[in-house]
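Only one structure is covered here, and it is reproduced in the block below.
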Amino acid sequence: MNGTLAIPIPNLRSRPIIWREVLLSVLARVMVIIPLCVLALILGQMVWGGIGTISWEFLSQVPQEGMTKGGIFPCIFGTLAITLLMILIALPLGVGAAIYLVEYAGQGWVFRVIRAAVNNLAGVPSIIFGLFGVGFFILFVGRNVDHVLQTGLLFGQPCMLWAAATLAVLVLPVIIVSTEEALNAVPQSHRSASLALGATKWQTIRDVVLPQARGGILTGAILSISRGAGETAPILFTGCAYFLPRLPVVNLFGVIPVINPFDQFMELSYHIFIMTTQSMDAVQTLPIQYGTTLVLIGLTFLLNLTAIVFRIHFRKRLGCVSIQ
Amino acid sequence: MEYVKPAVLFKRSMVALGPYQEEEKPVENDMTGKSQLDLTELKKRSENFQNPFVKIKARNLSVYYGQTAALSNVSMEIRKQAVTALIGPSGCGKSTFLRTLNRMNDTIPGTRVTGKVFIDNINIYDPDINVVALRRMVGMVFQKSNPFPKSIVDNAAYGLRLHGIRDRDVLEEKVEESLRKAALWDEVKDRLHSSALELSGGQQQRLCIARALAVDPEILLMDEPASALDPISTAKIEELIHALKKDYTIVIVTHNMQQAARVSDYTAFFLLGEMVEYDHTQKIFEVPKDKRTEDYITGRFG
Amino acid sequence: MKVEGLTLKRNRSFGRARGFPKGQDSFLRSRELTKKEFHPQEWLIHQMLRVAGFSSILIIGLIFIFLFKEAVLFFTTAHPLSLIGTWDYDAWEEKNIFKVMWQAASVVPKYSLIPLICGSFLVAVPATLIAALFGIGGAVYLSEIASARTRETLKPTLELLAGIPSVVMGFFMLAVAASLIQDIFHTKFRLNAFVGALGVAVLTIPVVMTIAEDAMRAVPRELRDASYALGATRWQTILGTVIPAAVSGISAAVILGFGRALGETMVVVMATGNAALVTGNVFSSVRTMTANIAAELGAVAQGSEHYYALFLVGAFLFTVTFFLNFVAEMVLNKMRSRLRM
């Protein structure tokens, strides 16, 4: 009888090492380790090359001598200013749109198509947004506003406002999608409970839905800020300046300094781009390039880390809800 | 003895002294300019019939989700200050019927309701009805306990705050009152400000009941309130239903026939969107008139 | 009516005294029931949300419209065939030849998309292959092998990789990696498609890994248990059960990664050499569609043929990536609905 059994009975006592298993496990680990090493390599290289350049002078001074010396303060200022402007435009619009799509709009095919389009737009190349920014904001909106207001060429040229608007359009899908996810994660039963107590729709959203979705919305906002701060392609033609001896600041009523959205500006990522590709002496300015890159990396990583910590924190809290 | 704020004590003593109240205008005259029509007008639109023992009256009620009819042509009268159970296999329309009573079906897109539902002889599907106010008067407890991720107090006071009550004393008083009514006060009085999610499942469900009671509803709808609970918690909820029925008109959906037999005074049996039989609970369970009811009761299907 | 009014009045004070309005006809007393309140706040907020929603939608619509509007205008002056090649007199050959090249600033401007498409694919295909290898391998590790704690620390770290601004990646490839790669492979050009592809791959790996891992984790436990219960080893389970079950999600991840790689701009502008050649050699300099727009849009006059040509390139790129995203989305949706059943 034993001879007819096709499958050999294994020895239950021994635990043979199956080399194929081990090999594949090691391989899978390598697949994670190599990207991590690359990450470490990039970070290490930037820190190694840039840490010597970073000094208070570097961070607080304007570029000098054809940008071969001096600091990058206008770039830092420009990056912060444009990011602020961008989020001021994109956050209310994106969160509002997401609330509208999730809570008010129905499940009709029109809105299904719109949701799919928004989702897809999050993956569209950033240079396309740059094209859109030039074609729509500057040449269409700007020129027409100029024409109507008889302002010559005030709006119809690259400036911070249009760059910020272009970046806002770029991060809009990111904000909408993350807000939608956060809103959808709030259990439907909580909405029903609130409505059954006689709450109006907005009361329900304000008191029940938004407090629970806050974490997710905030995470999306921080991630989009980080993305906006690091993007170069959309602002290449919509407002960045190669070199600008002044800050894009205007004195409101002659006293209060505010960001001037109608001025051009310098920006960290754009600065890196031109310093590496169009600098007069790429080798001599290498320390500046490294230093600028380090500042940009520091800025975006800080934002990303904040977002990640936020997400973990809020996911834990949501986890509690789902266990119950 | 618990500590009671002087203001609360004063209020309570005034209440105990008797019906001291500021003089109120008769209903006919106190319509504000905002309201578009008065109740007498609404009453005129309703059927000229009122049985003093009937709280809810459904007339030819049908509900459609899209093209499919979830409920067809149901007419029934639900008694005041009694427990009415709705039983039937799942998908028979009993929950749908329950949700028509406070118009929660309005929140589901693609739902269409025909027919009329009268509560105290007012058609709640009249276009002039304020749905938000209606839902305040018709409380609802859901199948799965769904306390908000807030503190116990905030949960119980949620409905009150919605309706603009900000006075701390009033809020405290009402929260305590509703928690007591929901038989939860003694268990949570020491940790009122801890998260509602730390409560056990049964306590959470009772908190949901307290939350519904806090806004002074007259009718309490319960959609399988004990289906996700263990037997001990279920027993507590059933006890609670017994205690509440002297003050409230309770309609409860349950798939558990023993539970229906234990808690309800009247029972309606639903099948495939139709109401098959509606009678005293005892009669339904002992001498059902309809063959289908008998089959269901004896466990031949469903 | 009078009697009723009296009853109502009595009941009302009775109800108030007890703290809750109850008793006969109390429902009728509820004034609010007929008060069709007008909440200005509620109305205003609804309108604001509606405006936000519709303006977002409008902007999305405008992207489509503006891109394609400008792109179509190209054909008012140029022949559609010029998108493939242009007849031009060649001084070297001393005759007219059909030139397949992008040369916008010459006497006879040439707007052939072929070299750009060729460049884009020469960068995106190797990048996607590399990203798929590491992305899927890493996803297997994260979802099947790593402990929950390892995963929770590794995933955010890998997400940081996705957070590297592409200009930084471009700078790294340009300043550090390019020379290294030239030393290893002894390539003719220091900046070539392969250098760009490596940089793009690093940015694409997290995209592929995240989605592929989600897909594998969505495979129900029961399937794995069934496989283990039959005596399968871990890798037999992974290769024979988990990956086949998650294959649609994994392929969606790769498609999305490909879309991302096609659209990457700054890395390729900085690291691929920017020569619009028609070639199949990954070690030659190329110019991608994205790099072409980035390099030339700054110097064109609005309304010129060149300007419209750049929009045409953009519209083409947009269509391709949008289509890829759409396909990936469909595949993912299908998988989600299937796994839910």
Exercise. Could you list, in sequence order, the residues of segment C:187-213 that are open to solvent by 50 Å² or more (accessible area, probe 1.4 Å) and touching a Gly at 6+ places or on another chain (Cβ under 7 Å)?
Worked result: C:Phe189
Exercise. Which condition breaks for C:Gly280 when tested against (1) over 21 Å from C:Leu198 (Cα atoms); (2) surrounded by fewer than 17 Cβ atoms within 10 Å (Cβ to Cβ)?
Worked result: (1)
Exercise. Scanning for something more than 10 Å from every other protein chain (Cβ to nearest Cβ), open to solvent by less than 40 Å² (accessible area, probe 1.4 Å) and in contact with a Gly (Cβ under 9 Å, 6 or more places away or on another chain), does segment C:131-154 turn up at least one residue?
Worked result: yes
Problem set entry | Per-region count, segment A:191-214, residues open to solvent by less than 10 Å² (accessible area, probe 1.4 Å) and assigned to a helix (DSSP H, G or I) | 8
Exercise. Within segment A:92-131, how many residues turn out to be buried (at least 20 other Cβ atoms within 10 Å of the Cβ), under 27 Å from B:Gly66 (Cα atoms) and either more than 8 Å from chain C (Cβ to nearest Cβ) or among the hydroxyl-bearing types (Ser, Thr, Tyr) (or both)?
Worked result: 3
Seminar exercise, completed: Within segment B:268-302, restricting to residues that are open to solvent by less than 40 Å² (accessible area, probe 1.4 Å) and aliphatic (A, V, I, L, M), the one that is farthest from B:Asn256 (Cα to Cα) is B:Val276
For this session: Look at segment A:48-91 and say how many of its residues are in a helix (DSSP H, G or I) and either within 21 Å of A:Ile225 (Cα to Cα) or away from chain C (no Cβ under 12 Å) (or both).
Result: 24
Exercise. If you go through segment A:132-156, how many residues are open to solvent by 60 Å² or more (accessible area, probe 1.4 Å) and polar (S, T, N, Q)?
Worked result: 2
Exercise. So B:Arg136 fits all but one of (1) in a helix (DSSP H, G or I); (2) more than 18 Å from B:Thr254 (Cα to Cα); (3) of a type in the set (Lys, Arg); (4) modelled with pLDDT of 85 or more; what number is the exception?
Worked result: (4)
Seminar exercise, completed: How many residues of segment B:243-302 are hydroxyl-bearing (Ser, Thr, Tyr) and in a helix (DSSP H, G or I)? The answer is 3
Problem set entry | Of all residues in segment A:223-234 being within 11 Å of chain C (Cβ to nearest Cβ) and either assigned to a helix (DSSP H, G or I) or under 29 Å from C:Pro40 (Cα atoms) (or both), the one that is most open to solvent (accessible area, probe 1.4 Å) | A:Arg227
Exercise. How many residues, within segment B:178-200, are in contact (Cβ under 8 Å) with a residue 12 or more places away in the chain and either farther than 22 Å from B:Ala226 by Cβ or outside any loop (DSSP other than H, G, I, E, B) (or both)?
Worked result: 13
Problem set entry | Any chance A:Gly228 is under 17 Å from the mean Cα position of the chain (by Cα) and more than 30 Å from A:Ile127 (Cβ to Cβ) | no
Exercise. Does C:Leu310 qualify as being facing chain A (nearest Cβ under 10 Å), modelled with pLDDT of 90 or more, open to solvent by 10 Å² or more (accessible area, probe 1.4 Å) and part of a helix (DSSP H, G or I)?
Worked result: no
Exercise. Quick one: is A:Phe310 open to solvent by 30 Å² or more (accessible area, probe 1.4 Å), in contact with a Ser or Thr (Cβ under 6 Å, 6 or more places away or on another chain) and modelled with pLDDT under 90?
Worked result: yes
Exercise. Could you say whether any residue in segment A:278-285 is touching a His at 6+ places or on another chain (Cβ under 8 Å), touching a residue at least 60 places away in the same chain (Cβ under 8 Å), closer than 24 Å to A:Gln45 by Cβ and polar (S, T, N, Q)?
Worked result: no
Exercise. C:Asp225 is checked against (1) over 30 Å from A:Tyr270 (Cβ atoms); (2) open to solvent by less than 50 Å² (accessible area, probe 1.4 Å); (3) not in a loop (DSSP other than H, G, I, E, B) and fails just one. What number does that condition carry?
Worked result: (2)
Problem set entry | segment C:161-186, residues that are facing another protein chain (nearest Cβ under 7 Å) and surrounded by fewer than 18 Cβ atoms within 10 Å (Cβ to Cβ) | C:Val176
Seminar exercise, completed: Inside segment B:139-168, the number of residues satisfying the requirement of being outside any helix (DSSP H, G or I) and not charged (D, E, K, R) is 14
For this session: Scan C:Ala276, C:Ala301, C:Ala261, C:Ala295 and give me the residue that is of a type in the set (Gly, Ala, Ser) and closer than 27 Å to C:Gly135 by Cα.
Result: C:Ala261
For this session: Taking A:Gln157 as meeting all but one of (1) within 14 Å of chain C (Cβ to nearest Cβ); (2) touching a strand residue (DSSP E or B) at 6+ places or on another chain (Cβ under 6 Å), write down the number of the exception.
Result: (2)
For this session: State whether one or more residues within segment B:225-233 are touching a residue at least 12 places away in the same chain (Cβ under 8 Å), part of a helix (DSSP H, G or I) and closer than 30 Å to B:Asp154 by Cα.
Result: yes
For this session: Mind counting the residues in segment A:249-304 that are open to solvent by 40 Å² or more (accessible area, probe 1.4 Å) and β-branched (Val, Ile, Thr)?
Result: 8
Problem set entry | Scan of segment C:106-130 for residues that are buried (at least 23 other Cβ atoms within 10 Å of the Cβ) and farther than 19 Å from C:Val268 by Cβ, ordered by number | C:Tyr111
For this session: Filter segment C:69-105 for residues that are within 28 Å of A:Val118 (Cα to Cα) and open to solvent by 80 Å² or more (accessible area, probe 1.4 Å) and give the result.
Result: C:Lys69, C:Val72
Exercise. Restricting segment B:143-161 to residues that are at the interface with another protein chain (Cβ under 10 Å from one of its Cβ atoms) and open to solvent by 20 Å² or more (accessible area, probe 1.4 Å), which is farthest from B:Ser195 (Cα to Cα)?
Worked result: B:Gln143
Exercise. Just to be sure, is C:Glu42 facing another protein chain (nearest Cβ under 9 Å), open to solvent by less than 80 Å² (accessible area, probe 1.4 Å) and modelled with pLDDT under 85?
Worked result: yes
Exercise. In this structure, does A:Ala185 turn out to be surrounded by fewer than 21 Cβ atoms within 10 Å (Cβ to Cβ), over 30 Å from A:Leu247 (Cα atoms) and at pLDDT below 90?
Worked result: yes
For this session: Would you check which residues across segment B:107-137 are buried (at least 18 other Cβ atoms within 10 Å of the Cβ) and facing another protein chain (nearest Cβ under 8 Å) and list them?
Result: B:Ile119, B:Asp120, B:Asn121, B:Ile122, B:Ile129, B:Asn130, B:Val132, B:Ala133, B:Leu134, B:Arg135, B:Arg136, B:Met137
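The values are calculated or read from the model by the stated rules, or taken from the named source; none is laboratory data. What you see is a predicted model, and the numbers here were worked out from it, not measured in a lab. No Cβ is skipped: glycine too gets one built from the backbone with ideal geometry, and neighbour counts run over all protein chains shown. Please note that ligands, DNA and RNA were not included when accessible areas were found on the heavy atoms of the full protein model with its side chains. Shrake-Rupley method; radii C 1.70, N 1.55, O 1.52, S 1.80 Å.
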